[in-house]
Amino acid sequence: MEITLAQGIGLALMAIVVGVDFWLEGFFIFRPIIVSTLTGLILGDLTLGLVTGGITELAFAGLTPAGGTQPPNPVLAGVMTTVLAYTTGQAPAAAMALALPFSFLMQYVILFCYSSFSLFMKSADEAAVNVDTKKIVQINIVCTVIVALLYGIIVFLCAYVAQDAMKTFVEILPEWLTHGFEVAGGILPAVGFAMLLKVMLKGEYVPYLLIGFVMASFLDFANLLPVAVIGTALGLITYNREKKIQEEAALIKVTEVNIEEDDEDGI
């Protein structure tokens, strides 16, 4: 299917908003599950956006920046997975694998921004010495505007201008290679989730993992919503139990302090 000029502009504007959010890490609407859903909404296929967003989010679940190491850009991954699935008719998993080069491209652009923005540091240091808060704000706004425009321009070029070239490229790919992309795209969510568990999994959470695994794998549900609801219920039970333990500990501490004060008064 073709992406119209209006849709291309809409994608660019959406990329500007979520790109700024990624730059500032404010509301976390830059996550692929949100970006892909918004992309599908703009393209008129919300269902496709939800499916591609879910797959891409799982793949990026465990990818977080660590020091100088930067993972692929989640914004371009979310946008281009949906765009490729929409324009080329590829399966969402294959589209996600094909979208990874765009994700790497945007991350290289962001890394270039990190380096080039060091040119503003001398002015920022001088403004800090002179307590010129307005200039510091201006420098931050300029850097943010540059990043925002880069997101909009790159998404517009990739999604709208280059759509015919992308379709031609995908059409000339041999079937075995396309199938390979689909297999790789199906594996990536498992890898992303495994990376997330490596960081978050603790011994006390293993029972919840086992319960979720049994429910998702062996019980016949039309979708995963019942598993999510039960997971939320288990999370609330754990939260309320730990909150009660903390309140009891605080009460015991206050009681001990009062006893100590009474003993001192008696002496």
Exercise. Tell me, which helices (runs of 4 or more DSSP H) wholly within region 160-267 include 1 or more residues that are at pLDDT 75 or above and among the hydroxyl-bearing types (Ser, Thr, Tyr)?
Worked result: 163-172, 206-218, 225-266
Exercise. Would a scan of region 115-128 turn up a residue that is touching a residue at least 24 places away in the same chain (Cβ under 8 Å) and within 19 Å of Ile16 (Cβ to Cβ)?
Worked result: yes
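The values are calculated or read from the model by the stated rules, or taken from the named source; none is laboratory data. Model, not experiment: these values are computed from the prediction. We place every Cβ from the backbone using ideal geometry, glycine too, and count neighbours over all the protein chains shown.
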